[in-house]
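Undergrad: One structure follows; several queries about it will come next.
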Amino acid sequence: MNEQSIILVVDDDQSIVELLKDFLENDRFQVVTANDANEAWDMFQQNTIHCIILDIMMPGQNGFDLCRRIRAESSVPILFLSARSEDVDKIRGLTLGGDDYIVKTASPGEIVARVKAVLRRTGTPPSSISQVLDYGRIKLDLVTRELVVDQTNVSLTPKEYELLRLFMEHPKQVFTYDQLLEKFWDGVGDKHTIRVHLSRLREKIELDPEQSQHLINIWGIGYRFEGV
């Protein structure tokens, strides 16, 4: 699992970043780092991140704000790292979508163990197994998160990837608007939110987005995926 798991470590204290990087790489994780929220967002957009260790108190945008921004696009595991042990911070972090809350007094070894635990819970795929959803002209690699359409690599946002994966893993199954909102937006949003994301996906995978052959709208209900 570790050889293909990329961990993003975000902290304005460079000594903590370097320490965690050393321990994680010693356990064969790949590590990318950032010292503030803006840099972290750029790294998140540029890499396939499997887990984020996120400091709360940083100059500018704090960890809670960054978590909220990431959760609008992705369900990637987030472990909050904080010097504060107050319950109110723990509750806020977990409520915003954090998967764990770690006080900085924890040893680096414990933090690595927490990373491994959350990756096991979220089912990060083993590096040695190729998992490709293959529907002819459309192929989605679940390990690298790469989409290939007509032999051309196509970029996806984290949210687009999660949506497409769900549909391709369950061909012909109809997913209602309510189901999609609950799964990907925590029940917050409306049909327009889903339509916008599915419209963008259609532009990336359909020969003619106006005459969709793969992502089929079931009028008034939701969508299904056809392998064709």
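Undergrad: Using a ≥ b ≥ c from the Cα gyration tensor of region 2-122 (square roots of the eigenvalues), is it rounded, prolate or oblate, where a/c under 1.5 gives rounded and otherwise the larger of a/b and b/c decides, a/b for prolate?
TA: rounded
Undergrad: Could I ask something else about it? How much length is gained on full extension from Thr144 to Asn47, taking 0.36 nm per residue of separation minus their Cα-Cα distance?
TA: Net length gain for the segment: 33.9 nm.
Undergrad: Another question, if that's okay. What percentages, rounded to whole numbers, describe P(r) for region 139-225 computed over all alpha carbon pairs with 10 Å bin width beginning at zero?
TA: 17, 55, 27, 2
Undergrad: I've got another one for you. If I take R0 = 22 Å and measure r between the Cβ atoms of Thr95 and Met57 in this structure, what FRET efficiency does the formula 1/(1 + (r/R0)^6) give, to the nearest 0.05?
TA: The formula returns an efficiency of 0.80 here.
Undergrad: Given the -39500 (n - 2.57) contribution per DSSP H run of 4+ residues, what per-residue ellipticity at 222 nm results for the chain, rounded to the nearest 500 deg cm²/dmol?
TA: Theoretical 222 nm ellipticity from helices: -12500 deg cm²/dmol.
Undergrad: Sticking with this one: At 7 Å along the Cα-to-beta-carbon direction for both Glu86 and Trp185, put a label point, then send me their distance in nm to one decimal.
TA: Placing both labels 7 Å along Cα→Cβ, they lie 3.3 nm apart.
Undergrad: Hey, another quick one. Where Rh denotes the Kirkwood radius from the mean inverse Cα pair distance, what is Rg over Rh for the chain?
TA: We get a ratio of 1.00 for the chain.
Undergrad: Stretched out fully, how many nm does the piece from Leu19 to Thr176 gain, at 0.36 nm a residue minus the Cα gap?
TA: So the extension gain works out to 52.0 nm.
Undergrad: Under 18 Å from the 7 Å Cα→Cβ point of Val196, by amide nitrogen: which residues of region 152-169?
TA: Within reach of a label on Val196, which here means backbone N under 18 Å from a point 7 Å along Cα→Cβ, region 152-169 contributes 156-164.
Undergrad: Among Ile6, Val17, Leu66, pick out the residue whose Cα is farthest towards the positive end of the charge dipole of region 3-92, where Lys and Arg carry +1 and Asp and Glu carry -1 on C-beta, about the Cα centre.
TA: Leu66
Read-outs throughout are calculated quantities, based only on the coordinates presented, and are distinct from any laboratory measurement. Given the structure is predicted, the values throughout are model-derived calculations rather than measurements. Quick reminder, even Gly has a Cβ in these numbers, built from the backbone with ideal geometry, and neighbours come from all protein chains shown.
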